[in-house]
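K.L.:
Before anything else, here's the structure in question.
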Amino acid sequence: MTEGPAPIEQQRILRTAIPGPRSAELHRRKASAVSAGVGVGLPVYIERAGGGVLVDVDGNQLIDFGSGIAVTTVGNAAPRVVERIQAQAADFTHTCFMVTPYEEYLAVCEALNELTPGSGEKRSALFNSGAEAVENAVKVARSYTGRQAVVAFDHAYHGRTNLTMALTAKNMPYKHRFGPFASEIYRVPMAYPFRWPTGPENCADEAFEQFTSLVHAQIGEDNTAAVLLEPIQGEGGFIVPAPGFVRRMADWCAEHGILFIADEVQTGFCRTGDWFACEFEDVAPDLITTAKGIAGGLPLSGLTGRAEVMDSVHSGGLGGTYGGNPVACAAALGSIETMKAENLNARAKQIEALCVPRLQQLAAKYEQIGDIRGRGAMLAIEMVAGAGDLSPNSVLTGKVNVYCHSQGLVTLTAGTYGNVLRLLPPLAIGDELLNEGLDILEQAFATAL
Ligand code: PLZ
């Protein structure tokens, strides 16, 4: 095996304006080669990455508060991941598990069955993307229950394929002009404390009441295959459901033979300080979708559920050419090993403990910061017009985001109204870079307001 390059110095370095000239040149090439439909948030072209740093083609070193949208939880090109990928790629790169199987697929499924909440016997199946895992969750739920309706929430994000577009709540940019969408999808209000009309204290009770009465009146419990929920909503703005809501909803589903599917694509694998965000409310979903953090950057997703549910599908009903590709499985095993060896759940909690007080200080200073929320290393700032006016402030969010980018801090926005700035650092980031990133964020508000 060849020696890898020296580890990247964990330091922000700005050598040019952001983006620099070489990035700008590549971005011009992008315009003539890549569909305009594929947008780019920060046109800085990356050459290397590791820990909490992205190195661009102009030699700038950027602080990573995005993890490629919550993917490189263990850090970019994490040593155990790279080592396993290299070894696996040298052995074989593909057979198709449905044709001639291999052990790595089994090992990932065994790890998923063990790590996901719920003590009963479980089974898993592997796919390529988060959207594909969600699609398959719906297939399994319909097959098992013999029912068709699927309930999704306001602000939900589940993917960009036809069925998952139907499940996703937000029109722009995900659904606009792409219909017609799959049928038998129903939407209910999310237990969103910050924007609950009668106040956060009433949110869990009233949202639960609305959920049950809508399912009863508009669908019928007996027609409902599944309820699909992100235990903390991701693209929708890091909305943490009001305490108790997930638990009550899951219990109610169980009473009515409705499957509860937790979409843990963004929240899973140590991101929130637990292996899975559902554990926070001690909920064991019938089905769980995973992707992103599972494989340290390689495309892999999983669907895990109760054995009885997952085994109810006819043989050959689930699959795909690449699902559970051996190199992606090797990366997943390296990621999971890293999460355990480095106790990344504890690290996510440390990141929360370091960031939240600083974010709260900011919120105390600026009335345009309406809410600080999230869990572990999945934290967000929701921006509003002012103290008495909670209108979403996407203009300020954009300004703060652009300022961070200009200073070499990679931040992401989110939210149905585009007024949420989210922090998703790799758990491999050090405290110094975290603090430096937060300093830049402070300057961003001071400059924008
Ligand atoms: N479920 C909860 O967060 C992906 C989307 C980025 P794929 N989120 C990032 C974009 O704009 O396309 C996501 C998610 C949740 C499902 C998905 C879909 O996962 O791997 O992007 O298909």
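The values are calculated or read from the model by the stated rules, or taken from the named source; none is laboratory data. Predicted model only: the values in this text are computed from it and were never measured. Positions of Cβ are generated from backbone atoms using ideal geometry, with glycine treated the same way; all protein chains shown enter the neighbour counts. All accessible areas refer to the heavy atoms of the entire protein, side chains included, with ligands and DNA or RNA removed. Shrake-Rupley method; radii C 1.70, N 1.55, O 1.52, S 1.80 Å.
K.L.:
Pairs, please: C-beta under 7 Å, at least 6 apart or cross-chain, first residue at pLDDT 95 or above and in the stretch 115-140, second among the acidic types (Asp, Glu) and assigned to a strand (DSSP E or B)?
P.N.:
Going by the 7 Å Cβ cut-off, the qualifying pairs are VAL134/ASP263.
K.L.:
Moving on. Provide a single number: the residues in the stretch 210-249 that are more than 15 Å from the ligand (Cβ to nearest atom), over 26 Å from ALA348 (Cα atoms) and not acidic (Asp, Glu).
P.N.:
16
K.L.:
Which of the residues belonging to the stretch 169-187 are open to solvent by less than 40 Å² (accessible area, probe 1.4 Å), in contact (Cβ under 8 Å) with a residue 24 or more places away in the chain and either in a loop (DSSP other than H, G, I, E, B) or within 12 Å of the ligand (Cβ to nearest atom) (or both)?
P.N.:
ALA169
To keep it simple, each residue is scored yes or no on (1) of a type in the set (Gly, Ala, Ser); (2) under 21 Å from GLY159 (Cβ atoms).
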| residue | (1), (2) |
| --- | --- |
| ILE63 | no, no |
| ALA77 | yes, no |
| VAL81 | no, no |
| ILE85 | no, no |
| ALA89 | yes, no |
| CYS96 | no, no |
| ALA125 | yes, yes |
| ALA133 | yes, yes |
| ASN136 | no, yes |
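K.L.:
Checking CYS96 against (1) within 16 Å of the ligand (Cβ to nearest atom); (2) open to solvent by less than 20 Å² (accessible area, probe 1.4 Å), only one condition comes out false. Which one?
P.N.:
Of the numbered conditions (1) within 16 Å of the ligand (Cβ to nearest atom); (2) open to solvent by less than 20 Å² (accessible area, probe 1.4 Å), the odd one out for CYS96 is (1).
K.L.:
Taking the options ALA295, ALA353, name whichever one is surrounded by 24 or more Cβ atoms within 10 Å (Cβ to Cβ) and either within 14 Å of the ligand (Cβ to nearest atom) or not assigned by TED's automatic domain parsing to the domain that holds GLY130 (or both).
P.N.:
Answer to the check: ALA295.
K.L.:
Next up: Just to check your reading of the model, which residue among ASP274, ASP311, ASP286 is crowded, with 24+ Cβ neighbours inside 10 Å and outside the structural domain of ILE69 (by TED's automatic domain parsing)?
P.N.:
Step by step, each of ASP274, ASP311, ASP286 is checked, and only ASP286 is crowded, with 24+ Cβ neighbours inside 10 Å and outside the structural domain of ILE69 (by TED's automatic domain parsing).
K.L.:
State which residue is nearest to ARG195 (Cα to Cα) when the search covers only the stretch 205-240 and only residues that are free of Cβ contacts under 8 Å to residues at least 60 places away in the same chain and in contact with a Ser or Thr (Cβ under 7 Å, 6 or more places away or on another chain).
P.N.:
Top of the filtered list is GLU206.
K.L.:
Next question, about the same structure. Yes or no: MET190 among the hydrophobic types (A, V, I, L, M, F, W, C), farther than 20 Å from ARG147 by Cβ and assigned to a loop (DSSP other than H, G, I, E, B)?
P.N.:
Yes; evaluated as a whole, the condition is true for this residue.
Conditions tested, residue by residue: (1) surrounded by fewer than 18 Cβ atoms within 10 Å (Cβ to Cβ); (2) without any contact (Cβ under 8 Å) to a residue 24 or more places away in the chain.
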residue: GLN360; (1), (2): yes, yes
residue: GLN368; (1), (2): no, no
residue: ASP371; (1), (2): no, no
residue: SER394; (1), (2): yes, no
residue: THR411; (1), (2): no, no
residue: PRO425; (1), (2): no, no
